[in-house]
Amino acid sequence: MKYWIKGGTVVSGSGSFPADILVADGKIKALKSPGQTGEWKTEAGEDCRTVDASGCLVFPGFIDAHTHFDLHVAGTVTADDFATGTRAAIKGGTTTIVDFATQYPGESLAEGLANWREKAEGKCSCDYGFHMSITEWTPQVSREVQDMMDAGVTSFKLYMTYDTQVDDKTIFQILRRLKEVGGITGVHCENSGLIAALQEEAKAAGRMGVGSHPVTRPAAAEAEAVGRLLRLAQIADTPVIVVHLTCREGMDVIRRARERGQKVYAETCPQYLLMDDSLYALPGMEGAKYVCAPPLRRPEDEAYLWQALAEGEIQTISTDHCSFTTAQKDLGREDFTKIPGGMPGVETRGILLYTYGVETGRIRPEDMCRLLAENPAKLYGMFPQKGILAPGSDGDIVVMRTGVSDVITASGQLQNVDYAPFEGWKTTARVEHVFLRGILVVQEGRVVREKQGRYIARGRYSL
Ligand code: DUC
Ligand code: ZN
C-alpha cells in the first residue's frame with residue numbers, strides 16, 4: 001500500500017515546514033511542498049491512499065531506547081511483556097523500542113540475547129532492538145562483546161546498584177573493551193553501598209514505609225556514581241551514556257566532565273521532568289505507584305532538567321518503562337525495599353512532552369524531534385534508517401494532532417497496568433495516525449495492525 005500524508009507540518013531536528021510525504025514499499029519515497037501535488041499523480045500511481053494530516057505535526061517515528069518488558073525484578077515479572085508493551089508503544093507514536101536483554105547469573109551474553117529474542121519474536125507491534133546488560137565479566141564474555149556487535153547489539157548496559165551491579169574495575173575493563181569494538185554503554189548510576197547503609201538505618205529505625213524510598217536513594221548517591229563513572233570513562237578514553245538522569249547534582253557533574261573534554265550523553269525520562277518526590281508521602285501504598293530508581297526528585301530538579309534540555313545538555317528522553325500492577329507494588333507493603341521499582345510510560349511520552357514541553361514553551365517541536373527520534377536513532381546506530389523523515393528512510397511516521405483537550409486515564413490505556421502514573425493529567429496533543437515501515441498501524445488513535453514489528457540490527461553510535 002502507498003500513502004500520501006498530506007497537509008501536515010513536517011518536523012525535523014533543525015526545522016519545521018509544510019510538506020506532503022509519499023510512503024511506499026515501507027520507505028519514505030518523497031517529501032514535496034504542498035503545491036507540487038500534481039506531479040505526484042504519476043509517481044504515486046492510482047493505488048495510493050491519502051491520509052489527511054492538515055493541522056497536524058508530522059514527526060519521524062519516536063524511539064524509546066529504555067524499556068523493560070518481560071523482565072524479572074524483585075521476585076516478580078513486569079506487567080508488560082513485548083506484546084502489550086509494544087502495542088502501547090505504537091499507540092503513543094513509538095515505532096521502535098530498544099529493550100535491555102540481560103545476562104542472568106552464569107549465562108553467556110549469547111544466552112541472554114537468545115532469551116530476549118525469544119521473548120520478543122513474533123509479539124512486537126513496533127520495531128525493536130536490544131541493548132545487552134552485562135552482569136558478569138569474564139574473558140569469555142569479553143570475547144562475546146564482538147559477537148553482540150555483529151548481531152546488531154551495539155549498546156550495552158551496566159548497573160552500579162542492584163544485584164546486577166558491576167564493580168569499578170569491571171566497569172573500567174568493559175569500557176576499554178567497548179572502545180576497542182566501537183560499542184557504547186549506558187550506565188545506571190547510584191552508589192549501592194550508600195543506599196544499602198541508608199536502607200539498613202531506615203529499617204533499624206522502623207521506617208518501613210514508602211517514604212523511606214527517596215530518603216535512602218538521595219541525589220548525592222546518584223551524583224557520586226555519575227562522577228565515578230565519568231572518571232573511569234575519562235581514563236578509558238571513551239564516551240558513555242548516563243541513563244535516567246534525575247537531578248541537578250548529576251547534571252552538574254556531567255557538565256564538568258564535558259568541560260574537561262569528555263564526550264558524555266545524558267538521558268532523562270518524563271517522570272523526572274514532571275513529577276516530584278512529594279508523591280511518596282501519599283497515604284497507604286499510593287506512593288508505591290511512583291517507586292522507581294533513581295527516585296523522583298524535588299521540583300527544583302525538574303526545573304533544572306528542563307533548562308538543561310533547552311540548552312541541549314540532555315540528548316534523549318526515554319521512558320524506563322518498567323510496569324507493575326498495584327497488586328505487585330503491594331509486595332512491599334511491609335518493607336519499602338521490596339516494592340518492585342518502575343513505572344509504566346511507553347504510551348504517554350509523546351503527548352506529555354508535547355503538552356508540558358512544547359505547549360508551555362520549554363522546548364520547541366524541533367527539540368522534541370531530536371530528543372525522541374533523531375538523537376536516539378544516532379546514539380543507538382539506526383540513523384538515517386530511522387529518526388528522520390527523508391527519502392530512503394523507513395516509513396515510520398507519527399501524525400500528531402495538537403490543540404485538542406484529552407485526559408490520561410488508566411481505563412483508556414493499553415499498558416497492561418491497573419493505574420496510570422499521570423492519571424487525570426490533561427494533554428493537548430493526540431497521536432492520530434502512526435505508520436510503521438509504511439504500514440498504517442494506528443488510525444484515528446486506534447491500533448489497527450498489530451505484531452508488525454521487526455528486529456533491528458543496529459550499527460555503531462554516531463551522535
Ligand atoms: N529502575 C527502575 O525503577 N526499574 C527498573 C530498572 C531501573 O533502573
Ligand atoms: Zn531502566
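The values are calculated or read from the model by the stated rules, or taken from the named source; none is laboratory data. Everything numeric in this text was worked out from a predicted model, so none of it was measured. Neighbour counts are summed over all protein chains in view; Cβ atoms, including those assigned to glycine, are modelled from backbone coordinates with ideal geometry.
Taken residue by residue, region 156-168 has no member that is charged (D, E, K, R), at pLDDT 95 or above, under 22 Å from Thr319 (Cβ atoms) and part of a loop (DSSP other than H, G, I, E, B). Just checking, does region 126-147 include any residue being surrounded by fewer than 24 Cβ atoms within 10 Å (Cβ to Cβ), in the same structural domain as Pro344 (by TED's automatic domain parsing) and farther than 30 Å from Leu175 by Cβ? No, that holds for no residue.
Does Pro376 count as farther than 30 Å from Ala196 by Cβ, touching a strand residue (DSSP E or B) at 6+ places or on another chain (Cβ under 8 Å), modelled with pLDDT of 95 or more and not hydroxyl-bearing (Ser, Thr, Tyr)? Criteria met by Pro376. Taking the conditions exactly as written (within 13 Å of ligand 2 (Cβ to nearest atom), touching a residue at least 24 places away in the same chain (Cβ under 8 Å) and either part of a helix (DSSP H, G or I) or within 14 Å of Gly209 (Cβ to Cβ) (or both)), does Tyr272 satisfy them or not? In short, yes. Considering every residue within region 17-39, establish whether at least one is within 16 Å of ligand 1 (Cβ to nearest atom), within 23 Å of Gly122 (Cβ to Cβ) and of a type outside the set (Val, Ile, Thr). No: zero hits.
Residues in region 75-85 that are of a type in the set (A, V, I, L, M) and buried (at least 17 other Cβ atoms within 10 Å of the Cβ) were compared, and the one that is farthest from ligand 1 (Cβ to nearest atom) is Ala83. Any residue that is among the basic types (Lys, Arg) and under 21 Å from Val98 (Cβ atoms) - is there at least one of those in region 144-158? Scanning region 144-158, I find at least one residue that is among the basic types (Lys, Arg) and under 21 Å from Val98 (Cβ atoms), so the answer is yes. For region 189-206, filtered to residues that are in contact (Cβ under 8 Å) with a residue 12 or more places away in the chain and assigned to a loop (DSSP other than H, G, I, E, B), the residue that is surrounded by the fewest Cβ atoms within 10 Å (Cβ to Cβ) is Asn191.
Only one entry of Gly312, Gly381, Gly345, Gly361 meets the criterion of being of a type outside the set (Val, Ile, Thr), more than 16 Å from ligand 1 (Cβ to nearest atom), part of a loop (DSSP other than H, G, I, E, B) and buried (at least 20 other Cβ atoms within 10 Å of the Cβ), and that entry is Gly381. Considering the conditions (1) touching a His at 6+ places or on another chain (Cβ under 7 Å); (2) more than 15 Å from ligand 1 (Cβ to nearest atom), Gln146 is excluded by exactly one of them, (1).
The lone criterion from (1) of a type outside the set (Ser, Thr, Tyr); (2) touching a residue at least 24 places away in the same chain (Cβ under 8 Å); (3) in contact with a strand residue (DSSP E or B) (Cβ under 9 Å, 6 or more places away or on another chain); (4) more than 17 Å from His131 (Cα to Cα) left unmet by Asp64 is number (4). With respect to Glu313, determine if the residue is over 22 Å from Ile397 (Cβ atoms) and touching a helix residue (DSSP H, G or I) at 6+ places or on another chain (Cβ under 8 Å). It is true that Glu313 is over 22 Å from Ile397 (Cβ atoms) and touching a helix residue (DSSP H, G or I) at 6+ places or on another chain (Cβ under 8 Å).
Please name all residue pairs, on different chains or six or more residues apart, with Cβ atoms under 7 Å, provided the first residue is in region 68-95 and is free of Cβ contacts under 8 Å to residues at least 40 places away in the same chain and the second residue is within 16 Å of ligand 2 (Cβ to nearest atom). Every condition considered, the pairs that remain are Val77/Asp70; Val77/Leu71. Here the condition is being within 20 Å of Asp20 (Cα to Cα), touching a residue at least 40 places away in the same chain (Cβ under 8 Å) and not in a strand (DSSP E or B); of Ala420, Ala390, it holds for Ala390 alone.
You will find that of Leu309, Leu305, Leu230, the residue that is away from ligand 2 (no atom under 16 Å from the Cβ), in the same structural domain as Arg176 (by TED's automatic domain parsing) and farther than 26 Å from Ser14 by Cα is Leu230 and no other. Here the condition is being small (Gly, Ala, Ser), assigned by TED's automatic domain parsing to the domain that holds Glu118, away from ligand 2 (no atom under 13 Å from the Cβ) and farther than 25 Å from Gly13 by Cβ; of Gly75, Gly93, it holds for Gly75 alone. Of the strands (runs of 3 or more DSSP E) entirely within region 1-102, those holding at least 3 residues that are under 26 Å from Lys329 (Cα atoms) and at pLDDT 95 or above occupy 62-67, 94-102.
The C-beta contact set for region 283-298 (first residue in the same structural domain as Cys269 (by TED's automatic domain parsing) and within 12 Å of Cys269 (Cβ to Cβ), second residue among the hydrophobic types (A, V, I, L, M, F, W, C) and within 8 Å of ligand 1 (Cβ to nearest atom), distance under 6 angstrom, 6+ apart or interchain) comprises Cys292/Met343. Whether any residue in region 399-407 is of a type in the set (A, V, I, L, M, F, W, C), under 17 Å from the mean Cα position of the chain (by Cα) and not assigned by TED's automatic domain parsing to the domain that holds His66 is what I want to check. No: zero hits. The one condition from (1) assigned to a helix (DSSP H, G or I); (2) within 16 Å of ligand 1 (Cβ to nearest atom) that Arg231 does not meet is (2). Return yes or no: is Ile21 surrounded by 22 or more Cβ atoms within 10 Å (Cβ to Cβ) and out of contact with any helix residue (DSSP H, G or I) (no Cβ under 7 Å at 6 or more places or on another chain)? Judged against the criteria, Ile21 is a match.
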